[in-house]
2 protein chains.
Amino acid sequence: MRADAKKNYDQLLAVARDVFTEQGADASLRDVARRAGVGLGTLYRHFPTREALLEALLRSSFDALAARAQGLEASGAPDDALLAWLREIIAFTHGHRGVIAPMMNAIEDENSALHASCVSLRAAGAALLARAQAEGHARADLDGAALFDLIAALAWLREQPSHAPRADHLFNVIASAILVDRRRADDSDSGRGTSGNG
Amino acid sequence: MRADAKKNYDQLLAVARDVFTEQGADASLRDVARRAGVGLGTLYRHFPTREALLEALLRSSFDALAARAQGLEASGAPDDALLAWLREIIAFTHGHRGVIAPMMNAIEDENSALHASCVSLRAAGAALLARAQAEGHARADLDGAALFDLIAALAWLREQPSHAPRADHLFNVIASAILVDRRRADDSDSGRGTSGNG
DNA sequence: ACCTGAACACCGTTCAAGT
DNA sequence: ACCTGAACACCGTTCAAGT
């Protein structure tokens, strides 16, 4: 890559990181180009789709999450490992608002720039799930795809402002649906008041 | 309302029903006005926000769902009643793609035209939930707001094409998380193959 | 080899001008 | 009292023209 191209590429990534953090992963690409001081065509040259930009931005995080799953596979109780990883991936998506929708689209779209990352994450989760199942700690009728669905649903829910006060609680509810003999999980959260039933 | 206004109002609703069915609740309002043969300002006069249009379009369905909950309250086992109602509300949102996001926004926004409908639905679900809890058939640590969150999460998931083959299955998984002593529910669905773990 | 930004085809929303 | 559509401020995406 030519030096000026490299500079633009890096600048676009840095600005996109800021803009997406502020406004979510569906922020205006025009705005990204503008704030990067770069022509709109330059953005599209380096990142032909929004997914390509997201992939470049989040690649290292995806890799870290997959590696983390592998690390957890060799440590501690299978159900604890699965639970810990679920917490991490939900924390990740929560820190990257708007990213779960393109991830969910990408999981079955081989042409998406996010496809490989999502497939890796699904496989990482599937391995943790399989280990928990092998020891009877997780529902036997789930697979990696179902786990990915549940993660996506939780991640989307976590993005909804009205849900915020119950985020920890509902995480545990879903976790309890995945795990067996552990229906109450570590469910010692507060913040779920008695009000709110209209 | 003047006769011509009434005609435009009805025409807009009829066209919006078609357009939203085809393209989802986030379809272009310009397109609705265009296909209704009406000026864009006329649409905004009758329906100042997209939520107002949705509310007018779905009011009778919301009422029916709330009434249905009341009917179910007086019939059969509390857990069956809750489960049946959950199925109905998920079927409803599935038939109205894109409606769950504005509903989730509206639940805590008193200025939204959808607010009252959503609050009614939450209350209807809360009553069914409370009855199931009273007989020990549902997790005691849930309330109407949590149930609404779970419904929204399931509804969003149901909108994702990649999730479609597991829709029935994951409905039962979540249902099992809500109900107690019934972890496997009516979970006799097929269609969750062994593939898909990348 | 790479960059630029005008051009095109869209949006949502407002509001002056009409009937 | 109601309707219209231009106007404004945005999008995503493409591509001829430049360096």
For chain A, what Kirkwood radius comes out of the mean inverse Cα-Cα distance, in Å?
18.3 Å
Would you kindly work out, in nm and rounded to one decimal, the distances from the label point of B:Gly95 to those of the same position in each other copy, ordered shortest first, with label points 7 Å along Cα-to-Cβ?
4.3
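Need one number for the range A:1-48: average projected area of the convex hull over its C-alpha atoms, nm².
Result: 3.0 nm².
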Taking each label point as 7 Å beyond Cα in the direction of the beta carbon, state the distances from A:Ala74 to the same residue in the other copies, shortest first, in nm.
6.4
Using the Cα centre of the range B:1-48 as origin and beta-carbon charges of +1 (Lys, Arg) and -1 (Asp, Glu), tell me which of B:Ala36, B:Ala14, B:Ala3 is placed farthest towards the positive end of the dipole.
B:Ala3
Magnitude of the Cβ-charge dipole of the range B:1-157, K/R +1 and D/E -1, about the Cα centre, nearest 20 debye?
780 debye
Might you report the magnitude of the Cβ-based charge dipole of the range A:1-44 about its Cα centre, with Lys and Arg at +1 and Asp and Glu at -1, to the nearest 20 debye?
200 debye
If I fit a long axis through the Cα atoms of helix A:3-23 and take the longest principal axis of the Cα atoms of chain A, what angle between them do I get, 0 to 90°, rounded to 10?
40 degrees
5 Å is the cut-off here: which amide hydrogens, built 1.01 Å from N in the peptide plane, fall below it relative to B:Ala138, excluding neighbours closer than 5 in sequence?
B:Gln133, B:Val180
Counting only protein heavy atoms and leaving out ligands, DNA and RNA, the solvent-accessible surface of A:Asp10 at a 1.4 Å probe, in Å² to the nearest 10, equals 70 Å²
Starting at the first residue of the range B:56-65, write each ³J(HN,Hα) from the Karplus equation 6.51 cos²θ - 1.76 cosθ + 1.60 with θ = phi - 60°, in whole Hz, x for Gly and Pro.
4, 6, 10, 3, 5, 5, 4, 4, 4, 5
Work out the length of the dipole vector of the protein assembly as shown about its Cα centre, built from +1 on the beta-carbon of each Lys and Arg and -1 on the beta-carbon of each Asp and Glu, and round it to the nearest 20 debye.
1160 debye
In whole percent, and with a 1.4 Å probe on the protein chains, what portion of the accessible area of the protein assembly as shown is carbon and sulfur?
48 percent
With N residues in the protein assembly as shown, what two-decimal value do you get for its Cα radius of gyration over 2.2 N^0.38 Å?
1.06
Take the Cβ-Cβ distance between B:Glu135 and A:His94 as r, set R0 to 51 Å, and report the resulting FRET efficiency rounded to the nearest 0.05.
0.90
Using a label point 7 Å beyond Cα on the Cα-Cβ vector, give me the inter-copy distances for B:Met1 in nanometres, one decimal, shortest first.
5.6
Could you state the angle between the C-alpha long axis of helix B:144-159 and the longest principal axis of the C-alpha atoms of chain B, as a value from 0 to 90 degrees rounded to the nearest 10?
70 degrees
Residue-span extension gain [B:Arg87 to B:Ala52] - 0.36 nm each, minus C-alpha spacing:
10.0 nm
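The values are calculated or read from the model by the stated rules, or taken from the named source; none is laboratory data. Not measured: the values here are computed from a predicted model. All Cβ positions, even for glycine, are placed from backbone atoms using ideal geometry, and neighbour counts span all protein chains on display. Side chains included, ligands, DNA and RNA excluded: accessible areas come from the protein's heavy atoms. Shrake-Rupley method; radii C 1.70, N 1.55, O 1.52, S 1.80 Å.
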